[in-house]
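In what follows, a structure is listed as structure tokens, so that the remarks can point back to it.
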Amino acid sequence: MRRIFHISDVHFGPPHLPRVSDGVIEHVERHRPDVVVLSGDLTQRAKPHQFQEARRFVDRIPVPTLVVPGNHDVPLFRFWERIFVPFGAYRKNFAEELEPTYRDEELLIVGINTAFNWTWKDGRITPGRLLEVAEILEETPESVFKVVVAHHHMIPPPNFGTQRVLTNAYEAIDLFSTCGVDLILSGHLHQAYIGNSEEFYPKGRPPVVILHSGTTTSSRGRMGERARNTCNWIEAGPESMTVSHLRWHPELERFAEHSRHLYPRQERVPYTLEGI
Ligand SMILES: [Fe+2]
Ligand SMILES: [Fe+2]
């Protein structure tokens, strides 16, 4: 069994809440997950000192971590940087690798960078990266629990109107459901949500569970999570997966479980066209 602590949208800069980020470290120290995943928007404005603060925060986490960038990690107003070196500040002050992979004998986590410099908030997966991810997934044994992490969402949660999903989301889901991905982790919307791929991309294949985290350590919560801070705790075993949404309780000064969801890990049936 593997335990994953999923945090997102920590937004170092003016909206960051230091007491809550201390709470993240305390939660990790108390519960010792196997890995902490941070699904993007490390900063508010991609400034070098904000990335350095994010680096110091991640360095305090006493277990392995996997981090991907978000749209706020590309400079919005520094136009030359935005056009020519959109991830220059990220690479110089936080990490060289934008799309890291975590792997052990029971768990694979693949990071995908969905932020880019042409728009200010939408995301995309490039066809080239999808091919690379396909190769990684295909060479991984079926028994390994497979997770993909991308900052932008691939399904539209309720109450967000016409919010667009990332470009190539359909192709990505097609690939992930074929290659046996168990779980997709995202952030960006600043509201927690759990759903599955089959609700939006019906294909008759085993569905992929899709899990969003709200903003874990900033004051930018939206919709039902305005002024709230949330994250997810995942326990992935060979037979099933349990996902808990956690919320920050200011009066207790700690994260506590808000809801729990259980998913059987189905035996994968070979995909056929029959019945579609
Ligand atoms: Fe964000
Ligand atoms: Fe975002």
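Okay, here's what the table says:
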read-out: Filter pass, residue 75 being open to solvent by less than 70 Å² (accessible area, probe 1.4 Å) and modelled with pLDDT under 95; value: yes
read-out: Any hit, segment 138-153, residues being away from ligand 2 (no atom under 16 Å from the Cβ) and assigned to a helix (DSSP H, G or I); value: yes
read-out: Flag if residue 205 is touching a helix residue (DSSP H, G or I) at 6+ places or on another chain (Cβ under 9 Å) and open to solvent by 10 Å² or more (accessible area, probe 1.4 Å); value: yes
read-out: Filtered residues of segment 19-34 (kept if of a type outside the set (Asp, Glu), assigned to a helix (DSSP H, G or I), surrounded by fewer than 19 Cβ atoms within 10 Å (Cβ to Cβ) and in contact (Cβ under 8 Å) with a residue 12 or more places away in the chain); value: 19, 25, 28, 31
read-out: Number of the condition not met by residue 151 [criteria: (1) touching a His at 6+ places or on another chain (Cβ under 7 Å); (2) surrounded by fewer than 13 Cβ atoms within 10 Å (Cβ to Cβ)]; value: (2)
read-out: Pair list, Cβ < 7 Å and 6+ apart or interchain, from segment 39-59 residues that are farther than 15 Å from residue 220 by Cβ and open to solvent by less than 60 Å² (accessible area, probe 1.4 Å) to residues that are assigned to a helix (DSSP H, G or I) and within 12 Å of ligand 1 (Cβ to nearest atom); value: 46/72; 46/73
read-out: Sole residue being buried (at least 18 other Cβ atoms within 10 Å of the Cβ) and of a type in the set (Lys, Arg), chosen from 124, 103; value: 124
read-out: Neighbours by Cβ (under 7 Å, 6+ apart or cross-chain): first from segment 182-196, over 15 Å from residue 149 (Cα atoms); second basic (Lys, Arg); value: 190/220; 190/222; 191/222
read-out: Tally, over segment 179-214, of residues that are within 16 Å of ligand 2 (Cβ to nearest atom) and over 14 Å from the mean Cα position of the chain (by Cα); value: 0
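The values are calculated or read from the model by the stated rules, or taken from the named source; none is laboratory data. This structure is a prediction, so every number in the text was calculated from the model and none was measured. Cβ atoms come from the backbone with ideal geometry, glycine included; neighbour counts cover every protein chain shown. In case anyone asks, the SASA skips ligands and DNA or RNA and just uses the protein heavy atoms, side chains included. Shrake-Rupley method; radii C 1.70, N 1.55, O 1.52, S 1.80 Å.
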